[in-house]
Structure formats: C-alpha cells, structure tokens
C-alpha cells in the first residue's frame, strides 16, 4: 500500500489553505497513493484567537472538511485530515483540534479530538498555552479500514507513550501523528519521539507536518519544524519530508507489523508492580 504524507505551510486563511491542500491531495492521488495524510491544523495556523473566531467554522459547516470529503470521494482515496481547528458550542468559546478519517466514499468514519494540550514554556521567548484556546479530547480512537487498523493521535500526544501502547495493544497497525511541531523541540526530540513510539508498539507511525514560517494576516507568525516522517515498525525512518512544503511517499507492508511485534512481544509482556513507596 502506498501512503502520501502532505507537508504544508498553512497560513491563517482557510480558503487559501484549502486550495493548496487540494492541489497536493490531487497530486498524491495521481501518484497512485491509497492513503493520503495532511498535517495538524490543515485549515488554519494562527496564534491569534480573534482571527480564529473570524475565520473558523463549526464542523457541520466547515468548508475545508466538506471540500476534502468531496475530493476523497471523487479520487477514491482514504484521507486523514490531520486536524482542523473548529468552533464548538462550548460556553467558554474554546475550539476543537479535531482529526478526521475520511473513506473513499467521502464519509467521516472516525474523528479524534487531540487529548494532550501543548501548554509549555520552551524558552523565555517561546511559550504556548494551547488549552487557553482549545478544549482537550477525552477518548482514544481506533478504526478498522481497508488500509489497516488506524490509531489516531495529534502532535503533542507523541510525548505520552501510554496512549500509543493502548492503541497498539487494541490492535492498531498504523499510528497517525499529524503535527505542527515547534522548531526548538522539533530539532531536539521529533525524530526520537516518533521512532520510540514505533519501536515500543511495533506499528507504523505516520506523521505529516506543518513547516516553515506561517503567514498571518494578524497577530504573531508561528514557525514550525517540518520533517514529515514515516517510521517503520522496527523503528527505521522510511521517509523524511525535510523543510519544504510538498509530499513524501512511503510503501507500507502490514505484515511487517506482525513480524516486529513477534520479534519483540513487549505489548504482551507488561508486568504489574507495586511502589514506589
């Protein structure tokens, strides 16, 4: 099976971003990709809450979701929309950071709200408080599809290995980790974290990413690390997208998942223990 990881440099203009994304999705389909994946916040990269309130939509009326559903149906591909920033009806006005799995019929077959919020101070000049604008999800998601059994995660989730072990222990073969990673933490940790999650679970880890300096009509521009990456079940890097927008392709052989998990059966070997006192 051929997967295509799309690397974007999304702005804070969803209409503009949809056109770019659809062009790359079409290119991936022309290259005979069976499974196409886009990064976190495909529709809008913005740190400005006022701008987000102006341009974002609820799921039911979101034009990016509708446009990509129609394209998946027309191209007959399975599509992971890494995530969309969406309005909710929460009383506190927070958005959802929601990943969608779209079938070749254009139907939403799974949706996952990012569980772990990126609330960190990377340096004196770089601070993130994702939970101020986004409400966290509460449920893990695993879905059987013709392209494999897929466990869905988003970005900062990658630092919480228990989520990945839970998904793999429930039968996941492919773990998706669409991201918009910080350049500082990306350079230090991105590859290591992705490889660790693959090694620990014996699954493929597919991580399409945002990259570069993101144009903003208002507010501070965000910058992301890039390096969309596919990691095999044995922890080997199968593809690295570098720092330019575009597509990286990878061939997946799900029998490699079974082989890796049989060689190192750690999912079945976890032992209960007491302490520390």
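The values are calculated or read from the model by the stated rules, or taken from the named source; none is laboratory data. Note that the structure is predicted; figures quoted are calculated from it, not measured. No Cβ is skipped: glycine too gets one built from the backbone with ideal geometry, and neighbour counts run over all protein chains shown.
Could you list, in sequence order, all residues of segment 57-77 that are closer than 14 Å to residue 111 by Cα and touching a helix residue (DSSP H, G or I) at 6+ places or on another chain (Cβ under 8 Å)? Those that are closer than 14 Å to residue 111 by Cα and touching a helix residue (DSSP H, G or I) at 6+ places or on another chain (Cβ under 8 Å): 59, 65.
Restricting segment 238-269 to residues that are touching a helix residue (DSSP H, G or I) at 6+ places or on another chain (Cβ under 7 Å) and modelled with pLDDT of 95 or more leaves a set whose member that is surrounded by the fewest Cβ atoms within 10 Å (Cβ to Cβ) is 261.
Out of the residues in segment 105-124 that are under 22 Å from residue 188 (Cα atoms) and in contact with a helix residue (DSSP H, G or I) (Cβ under 6 Å, 6 or more places away or on another chain), state the one that is surrounded by the fewest Cβ atoms within 10 Å (Cβ to Cβ). Residue satisfying both the conditions and the ranking: 119. Only one of the numbered conditions (1) within 28 Å of residue 32 (Cβ to Cβ); (2) within 18 Å of the chain's Cα centre (by Cα) is not met by residue 259, and that is (2). For residue 102, the conditions (1) in contact (Cβ under 8 Å) with a residue 40 or more places away in the chain; (2) surrounded by 14 or more Cβ atoms within 10 Å (Cβ to Cβ) all hold with the exception of (1). Residue 227 meets the conditions (1) within 17 Å of the chain's Cα centre (by Cα); (2) part of a loop (DSSP other than H, G, I, E, B); (3) farther than 27 Å from residue 149 by Cα in every case but one. The failed one is (3).
Looking only at segment 107-124, how many residues end up being in a strand (DSSP E or B) and modelled with pLDDT of 85 or more?
First, pick out the residues of segment 107-124 that are in a strand (DSSP E or B): 108-113, 119-123.
Right, trim to modelled with pLDDT of 85 or more and you get 108-113.
Counting residues in segment 107-124 that are in a strand (DSSP E or B) and modelled with pLDDT of 85 or more gives 6.
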